[in-house]
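Worksheet: one structure, shown below.
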Amino acid sequence: QVQLVESGGGLVQPGGSLRLSCALSGNIRSIYVMGWYRQAPGKQRELVARLTLGSTTNYADSVKGRFTISTDNAKSTVYLQMNSLKPEDTAVYYCSAADPLRTYWGQGTQVTVSS
């Protein structure tokens with residue numbers, strides 16, 4: 001089992017920045033991909049950014065050049081640095097991690113971009 005706990009969400013003005021953190025615990029040795037997803041009201045959950053064990057990254061087109069996914073050396077924390085935030089980035093952001101058997105999810109953290 002793997003547990004994920006997100007933090008760092010909040011209210012920010014357009015053009016501002018936030019950094020989300022996701023602490024992983026439990027049997028993280030088998031984790032081979034970590035990512036951030038988001039879900040806005042009335043919309044489906046979508047991939048924001050993904051990081052594989054080999055350090056390959058993928059980003060949604062809507063966040064390329066603005067968001068950066070990274071981990072600490074122990075791969076026990078995954079971060080999402082969000083810059084130049086826009087109102088359309090408003091959503092609940094979820095951390096995820098996958099091992100060969102299943103995908104694990106955090107509880108989500110709200111990000112609101114508004115003036």
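Okay, here's what the table says:
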item: Filtered residue count, the stretch 81-115, keeping only those that are open to solvent by 60 Å² or more (accessible area, probe 1.4 Å), under 13 Å from Y37 (Cα atoms) and touching a residue at least 40 places away in the same chain (Cβ under 8 Å); result: 3
item: Residues of the stretch 59-115 classified as of a type outside the set (V, I, T) and part of a loop (DSSP other than H, G, I, E, B), total; result: 24
item: Candidate set from the stretch 28-41 (those that are under 20 Å from G54 (Cβ atoms) and touching a residue at least 24 places away in the same chain (Cβ under 8 Å)); member that is most open to solvent (accessible area, probe 1.4 Å); result: Y32
item: Residues of the stretch 63-80 classified as open to solvent by less than 60 Å² (accessible area, probe 1.4 Å) and either touching a residue at least 12 places away in the same chain (Cβ under 8 Å) or of a type in the set (S, T, Y) (or both), total; result: 11
item: Hits in the stretch 1-17 (condition: over 21 Å from Y104 (Cβ atoms) and either without any contact (Cβ under 8 Å) to a residue 12 or more places away in the chain or open to solvent by 30 Å² or more (accessible area, probe 1.4 Å) (or both)); result: L11, Q13, P14, G15, S17
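The values are calculated or read from the model by the stated rules, or taken from the named source; none is laboratory data. Fair warning: this is a prediction, and the values are worked out from it, not measured in the lab. Cβ: placed from backbone, ideal geometry, glycine included. Neighbour counts: every protein chain shown. Heads up: the accessible areas ignore ligands, DNA and RNA and are worked out on the full protein's heavy atoms, side chains in. Shrake-Rupley method; radii C 1.70, N 1.55, O 1.52, S 1.80 Å.
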